[in-house]
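Let me begin by presenting the structure, written as structure tokens, before commenting on it.
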Amino acid sequence: MTSNISNIKGLRFSVAPMMDWTDRHCRVFHRLMTRRARLYTEMLTTSAIIHGDRRRLLGFDAREHPVALQLGGSDPRDLATSAKIGEDFGYDEINLNVGCPSDRVKDGRFGACLMAEPALVAEGVHAMKRAVGIPVTVKCRLGIDDQDPELALDALARSVIAAGADALIVHARKAWLNGLSPKENRDIPPLDYDRVYRLKASMPDVPIIINGGIASLAEVKQHLVHVDGVMLGRAAYQEPWRLLSVDPELFGEAAPHPTMKDVFEAVMPYIEEQVAQGVRLHSITRHFIGAFHGVPGARAFRRHLAENGVKPGAGANVLRDAIALVEDRVVVPIAA
């Protein structure tokens, strides 16, 4: 097995995999704001991929590249099979979820509970590396429940890197599987960025990406002093206008489209094509709610989409009418 570390160019900035949020429509939207960010699917379980409707689950638009498939599972054989299916579909990276804290995940022996089984995670990584030629990465927490983050993160990191993982993405919080809900696990366990910095210092040759509670590109730049990449989650989804600054601020390149209105003009053909295929408009426009920031008319934009995007037969004209309610001016976030 050879390492694909040198092939992972896009990990300097990525948008986190988020259940119910980062579906294919969301990713097409995000890609119109940044060419360079790496995008991730929602977590898909190995059983769903092996036994489910693969075209529906895994299909994506070619304009999404670079895009990674996030897997949930723990059986090495199933992980290898699913990784190979993902590679055949054209994904650029396979990511293993060792961080999701939901009860369903715990019962299924995947996600954050695997922090307690680094050897099993390493087996899965080894199996996937043998099955595919694209990078295999792992996304984890600092630890779970009463684990010592110094020991738990080191054990997981060293195990998966020895097994061939090409990069490690660390959500800089512990997950409390006993006592906190998945929602609470996103906010209540304290952030410990320094722990991730120490991991990077101890593994200088391994790409380490930090995630968790990062709210702006100004913060992204601060983290990049210490680690190789930053993954933005809720800030990227709830305030997508921030993504317009990613390519200029982090890569020294122009954004694909200068303003959010230009982004929406660019997404219209996609919307028309999807609606023609029977996709409901709301399933696409629900990702646009936070698009305008500090602009007169933003509230009217949201209201129009909410009220009209769900109506039977709603099409691109609903979005056009919503955009017309927003004042025509360029708002460039100073410290996005």
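The values are calculated or read from the model by the stated rules, or taken from the named source; none is laboratory data. Owing to the predicted nature of the structure, the values given are computational and were not obtained by experimental measurement. Here the Cβ is made from the backbone with ideal geometry for all residues, glycine too, and neighbour counts use every protein chain on show. Surface accessibility is based on the protein's heavy atoms, side chains included, excluding ligands, DNA and RNA. Shrake-Rupley method; radii C 1.70, N 1.55, O 1.52, S 1.80 Å.
From the set of residues in the range 191-205 that are over 26 Å from Leu243 (Cα atoms) and part of a loop (DSSP other than H, G, I, E, B), which is least open to solvent (accessible area, probe 1.4 Å)? Filtering first and then ranking leaves Met203.
Condition check ((1) closer than 15 Å to Gln70 by Cα; (2) in a loop (DSSP other than H, G, I, E, B); (3) among the aromatic types (Phe, Trp, Tyr)) across all residues:
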| residue | (1), (2), (3) |
| --- | --- |
| Val121 | yes, no, no |
| His126 | no, no, no |
| Lys129 | yes, no, no |
| Ile134 | yes, yes, no |
| Leu142 | no, yes, no |
| Gln147 | no, yes, no |
| Glu150 | no, no, no |
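Among the residues here, Ala291 does not qualify as aliphatic (A, V, I, L, M) and more than 21 Å from the chain's Cα centre (by Cα). Within the range 118-165, the only residue that satisfies the criterion of being more than 23 Å from the chain's Cα centre (by Cα) and at positive phi is Asp145. Against the test of being within 19 Å of Ile169 (Cβ to Cβ) and part of a loop (DSSP other than H, G, I, E, B), the options Cys100, Cys113 yield a single qualifying residue, Cys100. Here the range 32-45 is the region considered, the condition is being in contact (Cβ under 8 Å) with a residue 40 or more places away in the chain and among the charged types (D, E, K, R), and the residue that is surrounded by the most Cβ atoms within 10 Å (Cβ to Cβ) is Arg38. Just need a number here: residues in the range 79-116 that are under 27 Å from Gly212 (Cα atoms), modelled with pLDDT of 95 or more and open to solvent by 10 Å² or more (accessible area, probe 1.4 Å). Final tally of qualifying residues: 2.
Across the range 166-190, the qualifying residues are those that are free of Cβ contacts under 8 Å to residues at least 60 places away in the same chain and over 18 Å from the mean Cα position of the chain (by Cα), and the one among them that is surrounded by the most Cβ atoms within 10 Å (Cβ to Cβ) is Lys174. Screening the range 242-269 for residues that are over 20 Å from the mean Cα position of the chain (by Cα) and small (Gly, Ala, Ser) and picking the one that is surrounded by the most Cβ atoms within 10 Å (Cβ to Cβ) gives Ala266. The set of residues from the range 216-225 being buried (at least 16 other Cβ atoms within 10 Å of the Cβ) and either more than 21 Å from Cys140 (Cβ to Cβ) or without any contact (Cβ under 8 Å) to a residue 40 or more places away in the chain (or both) comprises Ser216, Leu217, Glu219, His223.
Tell me, please, whether a residue that is among the aliphatic types (A, V, I, L, M) and closer than 22 Å to Ser245 by Cα can be found in the range 307-322. No, that holds for no residue. The residue that is modelled with the lowest pLDDT, among those in the range 272-307 that are among the β-branched types (Val, Ile, Thr) and farther than 12 Å from Ala322 by Cβ, is Val295. If I filter the range 296-308 for residues that are closer than 30 Å to Lys174 by Cβ, of a type in the set (D, E, K, R) and open to solvent by 60 Å² or more (accessible area, probe 1.4 Å), do I get at least one hit? No - not one qualifying residue is present in the range 296-308. All of (1) open to solvent by 10 Å² or more (accessible area, probe 1.4 Å); (2) modelled with pLDDT of 95 or more; (3) not in a helix (DSSP H, G or I) hold for Ile161 with one exception: (3). Does Pro312 fit the bill of being touching a residue at least 40 places away in the same chain (Cβ under 8 Å) and open to solvent by 70 Å² or more (accessible area, probe 1.4 Å)? No; evaluated as a whole, the condition is false for this residue.
For the range 271-295, residues that are open to solvent by less than 60 Å² (accessible area, probe 1.4 Å) and either of a type in the set (Ser, Thr, Tyr) or closer than 17 Å to His30 by Cβ (or both) total 10.
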